[in-house]
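The values are calculated or read from the model by the stated rules, or taken from the named source; none is laboratory data. None of the values given here were measured: they were computed from a predicted structure. A quick note on method: Cβ atoms are made from the backbone with ideal geometry, for glycine too, and the neighbour counts reach across all protein chains shown.
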């Protein structure tokens with residue numbers, strides 16, 4: 001381990017480079033955390049995040065989930081088959097349009113209780129970590145995370161468009 005002190009960034013360019021590096025490290029840590037959670041739940045990390053899409057956005061058709069996840073309908077069928085076998089989701093006919101099949105998260109299942117328990121420590125630690133920030137700083141962080149999410153969604157859409165233009 002090096003004992004040399006790291007020079008703090010002083011110019012705007014150095015600050016932006018340090019911020020990008022910190023965001024990259026935080027993103028990797030987040031992905032690795034979710035991979036560990038998924039492993040504990042017997043899912044792949046991607047299947048876990050597809051279940052999260054349904055949890056946050058509510059029941060949807062397989063086609064809608066495929067669009068949001070950037071997958072083909074054939075690929076999403078495999079995802080849903082795995083999630084259904086694992087006890088995460090169920091497919092039901094839409095009562096308003098019997099031709100449509102809606103995918104519902106099973107909120108009260110044992111697997112959901114296990115998933116919730118795995119996130120409780122992170123929730124407590126986050127609350128404790130954020131306690132030292134002022135309300136204005138928390139508002140700034142909320143704005144930052146909202147903007148970062150929108151940025152990632154735009155960049156993801158660009159990647160998908162580029163893939164489609166190249167003929168998949």
With the checklist (1) surrounded by fewer than 11 Cβ atoms within 10 Å (Cβ to Cβ); (2) at pLDDT below 95; (3) more than 21 Å from the chain's Cα centre (by Cα) in hand, flag the one item residue 163 doesn't pass. (1)
From (1) in a loop (DSSP other than H, G, I, E, B); (2) at pLDDT 90 or above, pick out the condition that doesn't hold for residue 38. (1)
Name the pairs whose Cβ atoms lie under 8 Å apart, with the first residue in region 4-20 and closer than 20 Å to residue 141 by Cβ, the second part of a loop (DSSP other than H, G, I, E, B), and 6 or more positions between them or separate chains? 15/9; 18/9
Looking at region 58-77, which of the residues that are within 18 Å of residue 47 (Cβ to Cβ) and assigned to a loop (DSSP other than H, G, I, E, B) is modelled with the highest pLDDT? 59
Number of the exception - residue 80 against (1) modelled with pLDDT of 95 or more; (2) over 24 Å from residue 161 (Cβ atoms); (3) surrounded by fewer than 14 Cβ atoms within 10 Å (Cβ to Cβ): (3)
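Within region 129-139, can one find any residue that is over 15 Å from the mean Cα position of the chain (by Cα) and in contact (Cβ under 8 Å) with a residue 60 or more places away in the chain?
The answer is no, given that none of the residues of region 129-139 is over 15 Å from the mean Cα position of the chain (by Cα) and in contact (Cβ under 8 Å) with a residue 60 or more places away in the chain.
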Exactly one of these conditions fails for residue 45: (1) farther than 26 Å from residue 141 by Cβ; (2) in contact with a helix residue (DSSP H, G or I) (Cβ under 9 Å, 6 or more places away or on another chain); (3) surrounded by 14 or more Cβ atoms within 10 Å (Cβ to Cβ). Give me its number. (1)
Filtered residues of region 94-121 (kept if in contact (Cβ under 8 Å) with a residue 12 or more places away in the chain, in a helix (DSSP H, G or I) and either in contact with a strand residue (DSSP E or B) (Cβ under 9 Å, 6 or more places away or on another chain) or loosely packed, with under 12 Cβ neighbours inside 10 Å (or both)): 110, 112
Scanning region 21-52 residue by residue, those more than 11 Å from the chain's Cα centre (by Cα), in contact (Cβ under 8 Å) with a residue 40 or more places away in the chain and closer than 16 Å to residue 82 by Cα turn out to be 40, 41, 42, 43
For residues in region 66-93 being over 21 Å from the mean Cα position of the chain (by Cα) and touching a residue at least 12 places away in the same chain (Cβ under 8 Å), which is farthest from residue 156 (Cα to Cα)? 92
